[in-house]
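The values are calculated or read from the model by the stated rules, or taken from the named source; none is laboratory data. Given the structure is predicted, the values throughout are model-derived calculations rather than measurements. FYI the Cβ positions are ideal-geometry reconstructions off the backbone, even for glycines, and counts take in every protein chain you see.
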Amino acid sequence: MLHILGKPAKKTAFCDGLSRRGFLSIGGAAVGGFGLSQLLHLESAAGVGRSHKAIINIYLPGGPSHLDMWDLKPQAPREIKGEFEPINTNVPGIQICELFPKLAAMMDKFVIVRSLADSDGAHDGYQCMTGHKKSDRGPRDGWPAGGAWVSRLAGQVDPSMPAHTALMYPTGNRTWGEPGTAGFLPSAHNPFNLVGRKPGEKSDNMVLQGITLERLQDRVQLRGALDRFRREMDQVAKLNDVDAYLGQALDILTDSKLGEALDLSKEDPKILERYGKNDEQFQRDGAPRMVQNFCVARRLVEAGARYVSLNYSRWDWHGGDGMNFPMSRVEFPMLDQALSALVTDLHERGLDRDVSVVMWGEFGRTPRINQNNSRDHWPQLNACLLAGGGMRTGQVIGESNKFGEVPTKRPVKFQEVFATLYHNMGLDAHRDRVFDNGGVPRYPVDSEIEPLHEVI
């Protein structure tokens, strides 16, 4: 993280009156060793048109039910099939839940993976952010989030826009609000989180503590203060990291592009209406239903972000309140409207070949309904949706048994989905390596993992 100095403090201050406690931490992402010519070559080889390659990762905290959304079993007993019926989509042979009519009408623009088979089983977004289980043996400093790999290997599109961004609300269940970290990669590739502890509140990344806009705009003065501070810091800060993206952070905070991307008042009202209305109330220990953040994600990509992760609502409904089906009737239509609007916008703007979308949760749900008329945790089978990225859409990957318990055809791993997203970015997950802090070469995915051949 880059630290910009805040207002002077009386105690523990340096000779110029600046305090170690008076920091503002802001995230960011640097080119990470790629020269401009290399970056242009990378995007040319990846087939970039008028836009740039990017990924939007939509995380549904709590474990949405694969059986009630994407893999219904209408012939199963009622205690398995549940309360919803499947409907046909615009792709013959593909059916989804009746509460997703908008997605059904454009299923030719999606891929359903019905056989995600290696869910960790914990209430944690880590696997959806990194592709790895927390229990996987890995580097000492942890696995980088997908956005950190993209930031490191693809670099920035624009110096005033972080490559790795997030719209991840802090949640009562802490792990549902974590967008991942840079892991063993330089901290420049940490996510730049753009939302605060409540809707409408900017995160600390967007607030300058004790620095007026006028003072910030005086770059000479600010750089001078930072230089003095750095000389005093010695080994307290990671000076190489500061050197790597000091200029980039200043560009972010003094350029209007990021702020404009977040300002939905600048969006066409008719387009914004497609996404529906936000419900700003946090869902218990989860995130709020900020459907318009799907639009913000698209705007961030248009402004130059390479990777946007967001958390949406709360999908853990198996307690004593028996809310699985009542909550589905609230949540599914809102998600149907927001996701269909996002993918429609990408296609209308010619971004569908360059921008990949993935939507998933940490695990699936039990085929058999419990005594509370709800479904419990079920890591044996999960599902996800993919769109854009130039993929061959309008298909289903994988198949489950008659009760939706386990895959019977084409089991898929989280890392395979990430490998596909990296491939869509023009990145070679088996060639592009980085050495961790122990000198071990690391790759975005394990050596035996390949992208989903069905879609590329």
Original post:
If a residue has to be touching a helix residue (DSSP H, G or I) at 6+ places or on another chain (Cβ under 9 Å) and crowded, with 24+ Cβ neighbours inside 10 Å to count, how many in region 171-202 make the cut?
Top reply: 13
**OP:** Go over the candidates GLY142, GLY155 one by one and state the one that is out of contact with any Leu (no Cβ under 9 Å at 6 or more places or on another chain) and among the small types (Gly, Ala, Ser).
**Re:** GLY142
Original post:
Which condition number does GLY394 fail, the rest of (1) in contact with a helix residue (DSSP H, G or I) (Cβ under 9 Å, 6 or more places away or on another chain); (2) buried (at least 24 other Cβ atoms within 10 Å of the Cβ) being met?
Top reply: (2)
**OP:** Only residues in region 330-347 that are without any contact (Cβ under 8 Å) to a residue 60 or more places away in the chain and more than 17 Å from ILE56 (Cβ to Cβ) count as the first member; pair them with residues that are crowded, with 22+ Cβ neighbours inside 10 Å and of a type outside the set (S, T, N, Q), Cβ under 8 angstrom, at least 6 apart or cross-chain, and list the lot.
**Re:** GLU331/ARG289; GLU331/TRP315; MET334/ARG289; MET334/VAL291
Subject >> Residue that is surrounded by the most Cβ atoms within 10 Å (Cβ to Cβ), among those in region 304-321 that are more than 16 Å from PRO191 (Cβ to Cβ) and not aromatic (Phe, Trp, Tyr) >> reply: ASP316
**OP:** May I ask you to list the residues in region 343-358 that are among the aliphatic types (A, V, I, L, M) and surrounded by fewer than 24 Cβ atoms within 10 Å (Cβ to Cβ)?
**Re:** LEU351
Original post:
Name the pairs whose Cβ atoms lie under 7 Å apart, with the first residue in region 180-197 and under 12 Å from THR130 (Cβ atoms) and touching a residue at least 40 places away in the same chain (Cβ under 8 Å), the second part of a helix (DSSP H, G or I) and of a type in the set (Val, Ile, Thr), and 6 or more positions between them or separate chains?
Top reply: GLY180/THR130
**OP:** Report whether or not LEU300 is farther than 22 Å from PRO101 by Cβ and either at pLDDT below 95 or surrounded by 24 or more Cβ atoms within 10 Å (Cβ to Cβ) (or both).
**Re:** yes
**OP:** Scan region 140-163 and give yes if some residue there is among the hydroxyl-bearing types (Ser, Thr, Tyr), modelled with pLDDT of 95 or more, under 30 Å from HIS52 (Cα atoms) and under 18 Å from the mean Cα position of the chain (by Cα), otherwise no.
**Re:** yes
